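The values are calculated or read from the model by the stated rules, or taken from the named source; none is laboratory data. Since the structure is predicted, the reported quantities are computational estimates derived from the model, not experimental observations. We place every Cβ from the backbone using ideal geometry, glycine too, and count neighbours over all the protein chains shown.
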C-alpha cells in the first residue's frame with residue numbers, strides 16, 4: 001500500500017483505479033457485516049455447534065486421510081500390527097498441537113496429535129512410550145502454557161493478576177481486575193467479558209515466575225494482534241500481527257529459588273483475541289531418552305518436519321535453513337537429522353512421519369528409514385488419520401502436490417519468472433520424489449489405452465485407459481493424465497498435468513477411466529502473447545504418476561501407458 005501514492009504521482013495508476021479496488025474490498029466487508037453490531041449480522045449468530053460437531057470431525061478425518069502420501073514402504077514395513085508389545089513415538093512433532101494447524105488456521109476444540117492418535121488405535125496390551133527427542137530446530141523449543149503452579153501474584157496467590165481495560169492502549173484505570181490461573185486465552189472474535197468491547201480492550205497481567213530447576217528456559221508468547229512481555233522491567237519479547245496469531249520468544253537463564261517478575265501487556269484492536277504466556281523448560285537429555293525409548297520398543301514412529309514457527313509469510317525467524325519466511329536450504333533442521341541418525345543406530349525399524357507444508361530434501365531418510373509418509377498439516381483429526389494409515393485401517397492414496405528435490409542445488413537462482421528448471425513442468429533432472437508421486441498398500445496396473453492417432457484441430461480428444469487393482473487390498477488410485485507438446489514454436493512445459501481422477505477399486509477389480517481433452521488443454525501462449533493451439537504431435541500418458549521416472553513404459557511395472565496423437569489443421573486461437 002505504501003507505494004500507491006508514488007504510483008499515482010508517477011501516473012502508473014489513477015485514483016479511479018484505486019477506488020475500484022477499495023470498492024471491492026469495502027463491499028465484501030459490508031456484506032459480511034463487519035461494520036454492524038453483532039446482533040444485526042446473521043453470520044455472528046451461527047453457533048459453534050454448526051462447525052464443532054461429530055459430523056465435521058469425521059469430515060476433517062477423511063480429508064486428512066486422503067491427503068496423506070506414502071513415500072516409501074520397504075519390505076512392507078507398513079501397515080503396523082495393533083498388537084505390538086511396545087511402540088516408541090518420538091519427535092518434536094509427535095505430540096505438538098501447533099504442527100497440525102499450518103498458517104491462517106482456526107483453533108479446533110479437540111485437536112488430536114499423532115501420539116494421541118496412535119494411543120487411540122492400539123490395543124490396551126500395547127505400551128506406547130513417548131520421547132520428544134529434539135527441539136524442532138536450534139532456538140525453536142516446544143512451547144507450552146506456563147502452568148499456574150509456577151505463577152503467583154505479588155501477595156502470594158497462585159496465578160496472574162490481570163487488569164482489564166476498556167481500551168487497547170491500557171490507559172487510565174482498569175474496568176476490573178481479577179486473578180487468572182494462568183495466561184492462556186482464545187476469545188474468538190469476542191472479548192473476555194461482556195463489559196469489554198470486542199475490538200478495543202487491553203489486559204495487563206502481572207505475575208511472579210518460580211522455576212522448578214536452574215537452567216536455560218525459553219519464555220514465549222502466542223498472541224494476536226499485539227503483545228509485549230517484560231521480565232524484571234525489561235521488555236524481552238512481543239510484536240504485532242493483524243492477520244494471524246504469532247509467536248515471539250526469548251531464551252533466559254533462570255535459577256531455582258528466585259522469583260522473576262513478568263508483565264504481559266496485551267492489546268486487542270482487531271481480529272480473534274489470543275493471548276498465551278508460554279515456556280520451554282530445560283531438557284538436557286532429550287536425545288538419550290529417545291534412544292533408550294527406541295531400544296526398548298518393537299518399532300519407532302518418528303514424527304519430524306516443520307510447523308508455522310519455521311515456515312510462513314514475512315516471519316522474523318533467522319535460523320539455519322530459514323530466513324524471514326524464505327528457505328536457504330531444503331534439509332530438515334539439524335536437531336532433527338541428528339535425532340534420526342541416532343535412532344537409526346539402534347537398529348530398530350523406523351517409520352518416519354513428516355508433518356510439513358513445503359518440500360523437504362530427505363535423502364538420508366529415503367535411504368535409511370523403513371517407511372516414510374507425509375501428512376502435510378493435517379488439521380484437527382490429523383493424529384487419528386495418521387494412525388489410520390499406519391495401522392492399515394486406511395489405504396493411502398495421496399499424491400505429492402509439489403516436487404521433493406534432492407537438494408536446493410537442483411534449483412536455479414530465482415532471478416526471473418521464466419520457470420526454466422522449476423516445478424515438475426520444467427524440471428529436467430531426477431528429483432527425490434516427483435510431483436504426483438504416492439504409493440499404496442496395493443498395486444495397480446494400466447492397460448488398453450484408447451485414443452485417436454489423429455485429431456482434427458479444435459475437436460475434443462477422448463482418452464481412456466483400463467486400471468486394475470492387482471494387489472491384495474482394496475484401495476484408491478489417483479489416475480493422472482500428462483501432456484507433452486513435442487514441437488512447439490514457443491517454449492512449453494516438458495510435461496503438464498491436464499487431468500486426474502481418484503477412483504476406488506476392490507482387489508481384482510478393473511475400471512475404465514476416461515478423460516476429455518479440450519482445445520484449451522492443448523493450447524499455449526505464443527511469442528505474440530496469444531493463446532493458440534498449434535498443429536503437430538502431442539504425447540499423452542495416463543498413469544498413477546508422472547511418466548519417465550521409473551525407467552520403463554511397461555504398464556505392469558510403472559503404472560503408466562503412453563500414446564501419441566497428431567493434431568492436424570490450421571493454428572487455432574483460443575478466445
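Tell me, please, whether a residue that is surrounded by 14 or more Cβ atoms within 10 Å (Cβ to Cβ), part of a loop (DSSP other than H, G, I, E, B), touching a helix residue (DSSP H, G or I) at 6+ places or on another chain (Cβ under 7 Å) and not assigned by TED's automatic domain parsing to the domain that holds residue 399 can be found in region 33-41. Within region 33-41 (the criterion being surrounded by 14 or more Cβ atoms within 10 Å (Cβ to Cβ), part of a loop (DSSP other than H, G, I, E, B), touching a helix residue (DSSP H, G or I) at 6+ places or on another chain (Cβ under 7 Å) and not assigned by TED's automatic domain parsing to the domain that holds residue 399), the answer is yes, since at least one residue qualifies. Answer yes or no as to whether residue 239 is within 32 Å of the chain's Cα centre (by Cα) and assigned to a strand (DSSP E or B). Yes; evaluated as a whole, the condition is true for this residue.
Here's the yes/no breakdown for (1) buried (at least 17 other Cβ atoms within 10 Å of the Cβ); (2) within 24 Å of residue 375 (Cβ to Cβ); (3) outside the structural domain of residue 232 (by TED's automatic domain parsing); (4) in contact with a strand residue (DSSP E or B) (Cβ under 8 Å, 6 or more places away or on another chain):
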site	(1), (2), (3), (4)
257	no, no, no, no
264	yes, no, no, yes
268	yes, no, no, yes
272	yes, no, no, yes
275	yes, no, no, yes
290	yes, yes, yes, yes
293	yes, yes, yes, yes
297	yes, yes, yes, yes
300	yes, yes, yes, yes
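Among the residues examined, residue 191 does not qualify as assigned by TED's automatic domain parsing to the domain that holds residue 273 and without any contact (Cβ under 8 Å) to a residue 60 or more places away in the chain.
Residues in region 138-149 that are crowded, with 17+ Cβ neighbours inside 10 Å and in a loop (DSSP other than H, G, I, E, B): 141, 142, 143, 146. Residue-level check: of (1) more than 30 Å from residue 381 (Cβ to Cβ); (2) surrounded by fewer than 16 Cβ atoms within 10 Å (Cβ to Cβ); (3) at pLDDT 95 or above, residue 152 misses just (2). Criterion applied to 352, 343, 400 was being outside any helix (DSSP H, G or I), in contact with a strand residue (DSSP E or B) (Cβ under 7 Å, 6 or more places away or on another chain) and buried (at least 22 other Cβ atoms within 10 Å of the Cβ), and the one residue passing it is 352. Within region 281-300, one or more residues are in contact with a helix residue (DSSP H, G or I) (Cβ under 9 Å, 6 or more places away or on another chain), in a strand (DSSP E or B) and in contact (Cβ under 8 Å) with a residue 12 or more places away in the chain. Counted as qualifying within region 457-569 are the strands (runs of 3 or more DSSP E) with 2 or more residues that are under 30 Å from residue 394 (Cβ atoms) and within 33 Å of the chain's Cα centre (by Cα), namely 461-469, 475-485, 496-505, 510-517, 536-543, 560-568. Exactly one residue out of 240, 236 is modelled with pLDDT of 90 or more and more than 28 Å from residue 377 (Cβ to Cβ), and it is 236. Scanning region 71-107 for residues that are within 30 Å of residue 51 (Cβ to Cβ) and not in a loop (DSSP other than H, G, I, E, B) gives 89, 98, 99, 100.
Answer yes or no as to whether residue 229 is on the phi < 0 side of the Ramachandran plot, in a strand (DSSP E or B), assigned by TED's automatic domain parsing to the domain that holds residue 349 and crowded, with 17+ Cβ neighbours inside 10 Å. Here the answer is no, as residue 229 does not meet what is asked.
Number of residues in region 373-397 that are within 23 Å of residue 505 (Cβ to Cβ), touching a strand residue (DSSP E or B) at 6+ places or on another chain (Cβ under 8 Å) and in a loop (DSSP other than H, G, I, E, B) equals 3. Quick check, is residue 13 touching a helix residue (DSSP H, G or I) at 6+ places or on another chain (Cβ under 9 Å) and closer than 30 Å to residue 435 by Cα? Spelling it out, it is not the case that residue 13 is touching a helix residue (DSSP H, G or I) at 6+ places or on another chain (Cβ under 9 Å) and closer than 30 Å to residue 435 by Cα.
Residue 242 satisfies every condition listed in (1) closer than 19 Å to residue 151 by Cα; (2) free of Cβ contacts under 8 Å to residues at least 60 places away in the same chain except (1).
Note on region 82-108: among residues that are surrounded by fewer than 17 Cβ atoms within 10 Å (Cβ to Cβ) and touching a residue at least 60 places away in the same chain (Cβ under 8 Å), the one that is nearest to residue 308 (Cα to Cα) is 103. Taking each residue of region 28-57 that is closer than 26 Å to residue 381 by Cα and looking for partners that are at pLDDT 90 or above and in a helix (DSSP H, G or I) with beta-carbon atoms closer than 7 Å, six or more apart or interchain, yields 43/32. Of the residues making up region 44-69, those that are surrounded by fewer than 11 Cβ atoms within 10 Å (Cβ to Cβ) and either in a helix (DSSP H, G or I) or in contact with a strand residue (DSSP E or B) (Cβ under 7 Å, 6 or more places away or on another chain) (or both) are 45, 48, 49, 50, 54, 55. Residues in region 511-528 that are more than 18 Å from residue 562 (Cβ to Cβ) and surrounded by 15 or more Cβ atoms within 10 Å (Cβ to Cβ): 511, 519, 523, 524, 526.
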